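Enquirer: Have a look at this one.
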Amino acid sequence: MGNLTENRIDTVLTEAVITEINDSIIAIEDQLPAGSLTDDERSRYKAIDVNNKIFVEDVITEVGISGAGIIPAFIKPAFIKNDFILFEQLDAIESNMTNLLRRVSDLKRIAGSEAYDYSLTVYRIYESANLAGIPGAKESYEKLRARFDAQNAGAGRPTPTA
């Protein structure tokens with residue numbers, strides 16, 4: 001935060017909005033096919049990069065042209081095609097969700113930073129008021145100071161994060 005008069009986000013989501021967002025997330029999850037991976041599977045399964053994507057597209061094309069006399073019956077070309085279509089659909093969904101998650105993360109970072117920076121300023125005001133002997137400041141200052149005493153073991157005044 002550049003200064004105390006700058007507050008990029010000064011809002012709160014209503015309970016109705018939170019409920020709508022969470023219901024929408026559940027609705028998206030409910031629309032996806034079942035399936036998940038173990039950590040081991042995540043490391044073993046191959047990812048599709050641009051070259052692999054082109055390869056799969058070429059296989060689908062070639063099987064459509066000449067596969068009937070070459071590809072054995074136990075290989076189901078429809079499986080390849082359906083998996084690839086689903087891959088492309090999920091790729092688009094993932095891109096949108098990645099953008100959404102970045103926005104949520106950014107908003108969370110801004111809100112948290114602003115709350116913490118303002119709190120540090122309030123802490124310093126209590127500290128100054130305590131040093132000046134203003135009645136009622138000592139109790140609040142000592143309560144707030146405990147956070148830094150525990151973290152820094154008396155390392156001094158906290159500095160704001162940029």
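Enquirer: Please list, ordered by first then second residue, the pairs with beta carbon atoms under 8 Å, 6 or more apart or interchain, first in the range 26-47 and over 18 Å from residue 92 (Cβ atoms), second open to solvent by less than 90 Å² (accessible area, probe 1.4 Å).
Expert: Listed pairs, sorted by first residue: 45/37; 46/52.
Enquirer: Something else: Across the range 76-89, what is the number of residues that are open to solvent by less than 70 Å² (accessible area, probe 1.4 Å) and touching a residue at least 12 places away in the same chain (Cβ under 8 Å)?
Expert: The qualifying residues number 5.
Enquirer: OK, next. Which ones in the range 98-137 are in a helix (DSSP H, G or I) and open to solvent by 90 Å² or more (accessible area, probe 1.4 Å)?
Expert: Of all residues in the range 98-137, those in a helix (DSSP H, G or I) come to 98-131, 137.
Of everything in the range 98-137, those that are in a helix (DSSP H, G or I) and open to solvent by 90 Å² or more (accessible area, probe 1.4 Å) turn out to be 99, 100, 101, 102, 103, 108, 109, 125, 131.
Every residue, every condition in (1) surrounded by 10 or more Cβ atoms within 10 Å (Cβ to Cβ); (2) in a helix (DSSP H, G or I); (3) at pLDDT 95 or above, yes or no:
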| site | (1), (2), (3) |
| --- | --- |
| 2 | no, no, no |
| 29 | no, yes, yes |
| 33 | no, no, yes |
| 46 | no, no, no |
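Enquirer: While we're looking at this one, here's another question. Looking at the range 62-75, which of its residues are out of contact with any Gly (no Cβ under 9 Å at 6 or more places or on another chain) and surrounded by 11 or more Cβ atoms within 10 Å (Cβ to Cβ)? If you could, list the steps in order and put the result at the bottom.
Expert: Here is the first cut: in the range 62-75, the ones out of contact with any Gly (no Cβ under 9 Å at 6 or more places or on another chain) are 62-74.
Correct list: 62, 63, 64, 67, 71.
The values are calculated or read from the model by the stated rules, or taken from the named source; none is laboratory data. The structure displayed is predicted, hence computed values, not measured ones. We place every Cβ from the backbone using ideal geometry, glycine too, and count neighbours over all the protein chains shown. Just so you know, the surface numbers come from the protein's heavy atoms only, side chains and all, with ligands and any DNA or RNA stripped out. Shrake-Rupley method; radii C 1.70, N 1.55, O 1.52, S 1.80 Å.
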